[in-house]
Ligand SMILES: Nc1ncnc2c1ncn2[C@@H]1O[C@H](COP(=O)(O)OP(=O)(O)OP(=O)(O)O)[C@@H](O)[C@H]1O
Ligand SMILES: [Mg+2]
C-alpha cells in the first residue's frame, strides 16, 4: 500500500468554538490507483489535501492522525522534510492555474522550477525532462512554448503547464484539487483524458477532488463522498451512482446531470 491515511482530522481554533473541517478521514490507496473525493463546497476536500501536503496556511489549524506514505508519516515531517517530499513523491495541482502560475516567469522556467529547487540535474537535462513533462501533459510543441508567458496561453493550456510542473519530478501521487472546474466542458474532458493517459502510461496514482460526481465518474473507479468533514459513503464509483446509500449523495448526483463524458463527446447535454 502506498498511502495509508488514518483518522486524519483538521480542526481550526480561530473562533469561539473549535471548527472541525476534516473529521477522522481514512483512505488506503495502492500505487497507481485513481481515487476521487467528491462533496459539496465546504465539505473538507481541499483541507484534506492541504493537510497531506503540509500546506494549511492557518496558524490556528490543528492536524492530527497519520498519513503514511510508503511507511513514512507525512504529518510528522518537518517543513523542510516535507518540501523534499513535495514534487518528488507527491505533487498537487490546484483549480486556478492563473493564481498558481507566476505571471512574471516564462512557461518553461516554471515547469523546470521543481527540478531547479531540488538541484538534481544539470541544465540541459533539466530542460529535456521538462519538455518531456510538457509533452506528457498534452502541450503541443513544448519547445515553442518554452519562452511564452502564462498570460499568452488559454486557461486549458495553463492548466496543462501546471500539470507538467507537477509531474516534472515524477511523483508517485498526484493530488488534483478541482483542476478542471474553471474550464469549459470540452477542455475539461480533454484534460481528464490527459490525466487518464498519465495514469496509464506513467503509473502515477491520482487523488482527484471535485464537487462534480459526473467528472469523478469519468476518471475514478473508486470514490469517497464527503460531507461536513466526514466520509459518508465510499466504494466503486459505478455502485455509488447506481445505488447511492445517502440522500446527500443522491443530491450530488441529481444536481449535476451527467454532462462530461470522455471520448465520444456528450458535451451538449
Ligand atoms: N484557514 C481557515 N480557517 C478556518 N476555517 C477554514 C480555513 N480554511 C478552510 N476552512 C473551513 O474548512 C471547511 C472545509 O474547507 P475546504 O476548503 O476543505 O472545503 P472544500 O470541500 O474544498 O470546498 P470547495 O468545494 O468550495 O473547494 C470550510 O468550512 C472552510 O470554511
Ligand atoms: Mg476546495
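General observations
- Within region 28-78, the set of residues being out of contact with any helix residue (DSSP H, G or I) (no Cβ under 8 Å at 6 or more places or on another chain), more than 15 Å from ligand 1 (Cβ to nearest atom) and touching a residue at least 60 places away in the same chain (Cβ under 8 Å) comprises 29, 30, 31, 33, 35, 70.
- Unique match (being touching a strand residue (DSSP E or B) at 6+ places or on another chain (Cβ under 8 Å) and within 16 Å of ligand 2 (Cβ to nearest atom)) among 25, 69: 25
- Qualifying residue in region 77-92 (condition: in a loop (DSSP other than H, G, I, E, B), within 29 Å of residue 249 (Cα to Cα) and touching a strand residue (DSSP E or B) at 6+ places or on another chain (Cβ under 7 Å)): no
- Within region 13-27, the set of residues being out of contact with any helix residue (DSSP H, G or I) (no Cβ under 9 Å at 6 or more places or on another chain) and within 14 Å of ligand 1 (Cβ to nearest atom) comprises 13, 14, 15, 16, 17, 18, 19, 20, 23.
- When the residues of region 31-51 are filtered to those that are farther than 19 Å from residue 218 by Cβ and more than 12 Å from ligand 2 (Cβ to nearest atom), the one that is farthest from the chain's Cα centre (by Cα) is 31.
- Residue match in region 175-190 (condition: under 17 Å from the mean Cα position of the chain (by Cα), assigned to a helix (DSSP H, G or I), closer than 22 Å to residue 56 by Cβ and within 16 Å of ligand 2 (Cβ to nearest atom)): no
- Residue within region 82-104 that is more than 16 Å from ligand 2 (Cβ to nearest atom), more than 30 Å from residue 143 (Cα to Cα) and either in contact (Cβ under 8 Å) with a residue 40 or more places away in the chain or in the same structural domain as residue 178 (by TED's automatic domain parsing) (or both) present: yes
- Of all residues assigned to region 205-217, at least one qualifies as being part of a helix (DSSP H, G or I) and away from ligand 2 (no atom under 16 Å from the Cβ).
- The single condition from (1) within 16 Å of ligand 1 (Cβ to nearest atom); (2) more than 16 Å from the chain's Cα centre (by Cα) that residue 216 fails is (2).
- Within region 170-198, residues that are in contact (Cβ under 8 Å) with a residue 12 or more places away in the chain have Cβ atoms under 6 Å from residues that are assigned to a strand (DSSP E or B) and within 16 Å of ligand 2 (Cβ to nearest atom) in these pairs: 175/92; 175/207; 176/93; 176/208; 177/209; 178/209; 178/210; 179/93, counting only partners at least 6 apart in sequence or on another chain.
- Scanning region 82-102 for residues that are surrounded by 13 or more Cβ atoms within 10 Å (Cβ to Cβ) and away from ligand 1 (no atom under 16 Å from the Cβ) yields 82, 83, 84, 85, 86, 87, 88, 89, 90, 91, 98, 101.
Per-residue answers, yes or no, for (1) in contact (Cβ under 8 Å) with a residue 60 or more places away in the chain; (2) not in a helix (DSSP H, G or I):
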| position | (1), (2) |
| --- | --- |
| 114 | no, no |
| 128 | no, no |
| 132 | no, no |
| 135 | no, no |
| 140 | no, yes |
| 156 | no, no |
| 159 | yes, no |
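The values are calculated or read from the model by the stated rules, or taken from the named source; none is laboratory data. Just so it is clear, the model here is predicted, and its values are computed rather than measured. Virtual Cβ from ideal backbone geometry, glycine too; neighbours counted across all protein chains shown.
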